[in-house]
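**Student:** Sharing a structure below in structure tokens format, with a few things to ask.
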Amino acid sequence: MNTLIEFKNILVVGVGLIGGSIIRSLKDTNFSGKVYGIDNNKEAITLAHSHGFIENKTENIPSDLDGLLVIFSVPVLSIEDAINKIEGIIESEDVLYTDTLSVKSSILSALRNLDQNILNRFVLSHPIAGSEKSGFEASASDLFKNRLTIICPHEGNSKADLNKIEGFWNSLGSYTKKLSANDHDELFAKTSHMPHVISYALMDSLFQDLNEKTFLYSGGSLEDYTRIASSDPQMWKDIMVANDKSILSSIASFKNSLDKLSKLIEDNNSDGLIDFFSFVKQARDKSISIEDN
């Protein structure tokens with residue numbers, strides 16, 4: 001068994017883009033334990049089994065799996081139902097839980113309404129990787145390589161459990177950083193959720209004005225810029241609802257910047273536009289160079 005993966009069995013709940021990529025990655029790392037997967041889409045289970053990625057070809061899995069890691073990769077608002085479902089299946093007490101979801105505070109609130117043992121053994125995590133595509137067919141074994149995974153410790157987590165989850169993500173090629181659940185949600189409302197808000201809103205505006213001509217004269221840059229507007233609607237609906245306060249705050253901040261730019265254009269303020277664009281360019285270039293280093 002890979003020395004970084006301290007589990008005998010792994011169960012992935014939600015065999016879509018992220019869950020499917022975990023399953024594929026485990027095969028690439030030559031994980032010697034057993035991997036199981038369940039999903040509301042029965043075809044995804046069948047497909048994953050047919051390629052030899054998981055042990056089960058139906059949702060019937062052993063209930064006595066020891067040394068088990070359960071990874072939830074489901075829509076954010078489905079997490080409590082998914083946990084209850086697994087609790088009805090797994091009888092072993094030798095279980096550690098984690099997730100891949102991009103909102104943490106709402107999950108933590110849901111966990112605090114459940115059994116204390118589940119809360120204590122649930123280490124919140126979020127791999128910063130993905131695609132506008134969805135489903136098992138879109139998954140990839142190298143999705144997490146050299147990508148950041150955020151770990152969000154809470155008061156019930158032990159250091160040993162945190163180390164196990166960090167080791168798991170490291171084994172898939174990811175590096176980790178820690179944030180509180182609240183800090184995570186505020187940060188990713190700005191850096192991840194807002195770009196999707198803008199992309200969806202921009203496409204809505206363009207289609208209202210141009211309809212089928214939207215991409216006819218774009219030259220490719222618009223396709224690149226709005227790629228994420230093709231993301232899974234169910235997943236992003238849940239994210240917007242679960243992280244609404246942070247996202248609305250980010251939208252308000254974006255509106256302020258948009259209003260500032262609108263006023264400069266309205267006033268034909270050439271010097272102001274140069275200052276605005278120069279400041280933003282320098283800020284972005286500096287931020288990117290820090291990240292590269």
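Each value in this text was obtained by applying a stated rule to the coordinates, not by laboratory testing. Please read all numbers here as calculations on a predicted model, not as lab measurements. Glycine also receives a Cβ, built like all others from the backbone with ideal geometry; neighbour counts cover every protein chain displayed.
**Student:** Mean separation of Cα pairs under 8 Å and 6+ residues apart, divided by the residue count of segment 9-179: what relative contact order is that in percent?
**Tutor:** Over segment 9-179, the number comes to 25 percent.
**Student:** Compute the relative contact order of segment 184-292 as a whole-number percentage, counting only Cα pairs closer than 8 Å that sit 6 or more residues apart in sequence.
**Tutor:** 31 percent
**Student:** Can you tell me which aspartates and glutamates have their Cα less than 12 Å from the Cα of residue 133? Leave out same-chain residues fewer than eight positions away.
**Tutor:** In chain and number order, the partners are 232.
**Student:** Scan [x] 70, 42, 37; [y] 53, 42, 40; [z] 114, 52, 42 for the value of Cα extents along the principal axes in Å calculated from this model and give just the label.
**Tutor:** Computed from these coordinates, Cα extents along the principal axes in Å corresponds to label [x].
**Student:** At 222 nm, what value in deg cm²/dmol follows for the chain if DSSP H runs of at least 4 each add -39500 (n - 2.57) and the sum is divided by all its residues, to the nearest 500?
**Tutor:** Computed mean residue ellipticity for the chain: -15000 deg cm²/dmol.
**Student:** Looking at segment 1-109, which chymotrypsin sites (Phe, Trp or Tyr not before Pro) are DSSP coil and have at most 12 other C-beta atoms within 10 Å of their C-beta?
**Tutor:** Qualifying residues, ordered by number: none.
**Student:** Which order results if 77, 148 are arranged by neighbouring Cβ count within 10 Å, fewest first?
**Tutor:** The most exposed by this proxy come first: 148, 77.
**Student:** Hydropathy at least -1.0 by Kyte-Doolittle, axial extent at least 24 angstrom from the Cα trace: which helices of the chain, defined as entire DSSP H runs, fit?
**Tutor:** Passing helices, by number: 244-266, 270-292.
**Student:** Taking the alpha-carbon distance from residue 260 and a cut-off under 21 Å, which lysines remain once sequence neighbours fewer than 8 residues away in the same chain are dropped?
**Tutor:** Of all the lysines, those that pass the test against residue 260 - Cα under 21 Å, at least 8 places apart if same chain - are 190, 281.
**Student:** Let me ask something else about it. Within segment 1-101, which GluC sites (Glu not before Pro) sit in a loop by DSSP and count at most 12 neighbouring Cβ atoms inside 10 Å?
**Tutor:** 91, 93
**Student:** Turning to a different aspect of this structure: Once each part is reduced to its C-alpha centroid, what is the distance from segment 216-288 to segment 65-116 in angstrom?
**Tutor:** One Cα centre to the other: 34 Å.
**Student:** Let me ask something else about it. Please find the FRET efficiency linking residue 262 to residue 213, where r is the Cβ-Cβ separation and R0 is fixed at 25 Å, and quote it to the nearest 0.05.
**Tutor:** That pair, residue 262 with residue 213, gives E of 0.50.
**Student:** What does the net charge come to around residue 199 if you take all other residues with beta carbon closer than 10 Å to its beta carbon, with K and R at +1 and D and E at -1?
**Tutor:** The answer is -1.
**Student:** As a footprinting exposure proxy, order 96, 261, 11 by other Cβ within 10 Å, with the fewest listed first.
**Tutor:** So the residues, fewest neighbours to most, are 261, 96, 11.
**Student:** Return a whole-number percent for the relative contact order of segment 134-196, with Cα pairs under 8 Å and 6 or more residues apart as the contact set.
**Tutor:** Computed over segment 134-196, the figure is 39 percent.
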